[in-house]
Amino acid sequence: MVSDNNKRIAKNTFFLYIRMLFTLGVTLYTSRVVLQVLGVEDFGIFNVAGGVVAMFSFLNYSLAGVTQRFLTFEIGKENWLRLLKVFNISVSIHLIIAGIILLLGETIGLWVVCEKLVIPAHRLPAALWVYHLAIFSAIFSIMNVPYVGVIIARERMGIFASISMIDVVFKLVIVYALTLFSFDKLQLYGILIFVSSAIIFLLYRYVSFREFEETHIKKLIWDRVLFREIASFAGWAMNGNLAVVGYTQGLNVLLNLFFGPATNAARAVAVQVQNAVNGFSSGFQTSLNPQITKNYATGELTHMHKLIFTSSKLSFFLLLVISLPLFYETPFVLGLWLGQVPDGSINFIRLTLLVGLFSTLSNPLIVAIHATGNIKRFQLWEGSILLLIVPISYFILKFGYPAESVFVVHLLIALIAQGIRIWIVGHAIAMDRIQYFKKIVLRILVVLPICAVCSFGVHCNLPEGFLRVACVGLTGMLSVVFFLYLFGLDQTEKLVVKSYMKKLTSRKK
């Protein structure tokens, strides 16, 4: 059983990495073209206007994780009737959420865009056009959640990866279309993104209906008790997800109010880099997440703890391999990638890489606490701590500190929040917190500085250029692999690596 699960995890990780590499390549190209075609000002306007919609979408963010948790849990329990009810109620709830976001977006959100955001007067009509389309694009994304949730819960990552790559191809087509037509580029971009969202929604719905019997809805099934259970779970999850929206889109709005659209463009570039880099760890984590939940559902806590340790540690070091060369070579890579570099992007990217590096440790713990169903205490503490990012950043900016300071605030608060997560989740799933510190935190504190110094040494002793980027990257990768094996792995993990290497060498012979 464990062997089958490991094979499934390996296969799913492979699919997700193919998806990630394809997405990364296309995203890097399209980001450059979109920035060049729209210009810094319109690029910033598009991101801040869409950010206002995302602020209202925190309800959906809350339910996305909740939906996947309930679906995965019932699959682990092999309770088909309850699984059918969970999916039906999830569809009903997401319909309600879509209506709420449409209402909020066309009232409060519209007022924010017209009265509060810093948008040049001559670009306000185009910004409003993009804003309205962003609302309807968000509605399609909301309605997608139950179908994506079923695919991931069923661990059919090949389907998920394929549709994701189709989505990326649409973005490539959109970029090409922007260069063909003389229509207002910002408005055209909004229209094409909306059309792409609609097609992807229909595709997810069609594939889910074809592959999974629980998605065959002839009429909506209502279960008041189950609805209250999901709603209660989602209500507490909402606190944490409100914080996530706060420090993503809330910071975006703050930067707009204090510095204008050009700074939003710089932050958008930094966020795109962070998302691309995080794909190297999120693919691995996505393949492990269903197994963490299913192990809890079947009472296999010891194996669940091992999965959490493995996911946390390897995700961090996978991300470190990519982050080291990007951190040291940001100016060169950014100039090569974008050509036209928004002011402030270099420092923004370096700080977001640090935030992303340490934030990758949070996902396994969040999945674990969601598996228990008892998230009240966790969400209350985590959400409250993370919500402090926005007000603290506001006062920091008010006192005249530079835009980069909000990322420093984010990093410090994120580290405090991780300490809270370890404490609460450890108690909830009977996980030894001392072992978590020894197996993950302590090993990171040993390996990270050594690898950073090795890469920095190469960076300081070579002239800027492709050769230095390659050497810094190679040094970072080799040092992470070597010192991870030397100091980062325990004896059991080292035996697994040795066994794998023996099998690999014997096959070659």
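The values are calculated or read from the model by the stated rules, or taken from the named source; none is laboratory data. Since we're looking at a predicted model, the values are computed, not measured. All Cβ positions, glycine included, derive from the backbone under ideal geometry; neighbour counts span all protein chains shown.
Side notes on the structure shown:
- Qualifying residue in the range 403-414 (condition: part of a loop (DSSP other than H, G, I, E, B), in the same structural domain as LEU326 (by TED's automatic domain parsing) and within 22 Å of the chain's Cα centre (by Cα)): yes
- The residues of the range 231-254 that are modelled with pLDDT of 70 or more, of a type in the set (S, T, N, Q) and either crowded, with 20+ Cβ neighbours inside 10 Å or over 28 Å from the mean Cα position of the chain (by Cα) (or both), listed by number, are GLN249, ASN252.
- Scanning the range 380-412 for residues that are farther than 29 Å from HIS370 by Cα, out of contact with any Ser or Thr (no Cβ under 9 Å at 6 or more places or on another chain) and among the small types (Gly, Ala, Ser) yields a single hit, GLY400.
- So TYR204, is it within 15 Å of LEU71 (Cβ to Cβ) and assigned by TED's automatic domain parsing to the domain that holds PHE378: yes
- Residue in the range 166-183 that is closer than 27 Å to ALA234 by Cβ, of a type in the set (Gly, Ala, Ser) and in contact (Cβ under 8 Å) with a residue 12 or more places away in the chain present: no
Rundown of residues vs (1) in contact with a Ser or Thr (Cβ under 8 Å, 6 or more places away or on another chain); (2) surrounded by fewer than 20 Cβ atoms within 10 Å (Cβ to Cβ); (3) assigned to a helix (DSSP H, G or I), yes/no style:
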site	(1), (2), (3)
GLY158	no, yes, yes
MET165	yes, yes, yes
VAL169	no, yes, yes
LEU172	yes, yes, yes
TYR176	no, yes, yes
PHE183	no, yes, no
GLY190	no, no, yes
SER197	yes, no, yes
PHE201	yes, yes, yes
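- Single match in ALA452, ALA470, ALA430 (criterion: surrounded by fewer than 19 Cβ atoms within 10 Å (Cβ to Cβ) and outside any helix (DSSP H, G or I)): ALA430
- Considering (1) touching a Cys at 6+ places or on another chain (Cβ under 6 Å); (2) within 22 Å of ILE346 (Cβ to Cβ), the lone condition that GLY400 does not fulfil carries the number (1).
- Lone qualifier among ARG205, ARG210, ARG228 - being part of a helix (DSSP H, G or I), in contact (Cβ under 8 Å) with a residue 24 or more places away in the chain and more than 20 Å from the chain's Cα centre (by Cα): ARG205
- Tally, over the range 312-348, of residues that are touching a Leu at 6+ places or on another chain (Cβ under 7 Å) and in a helix (DSSP H, G or I): 13
- Of all the criteria given as (1) in contact (Cβ under 8 Å) with a residue 12 or more places away in the chain; (2) closer than 20 Å to PHE316 by Cα, the one not satisfied by LEU412 is (1).
- Here LEU380 passes the criteria (1) among the aliphatic types (A, V, I, L, M); (2) surrounded by fewer than 17 Cβ atoms within 10 Å (Cβ to Cβ); (3) not in a helix (DSSP H, G or I) except the one numbered (3).
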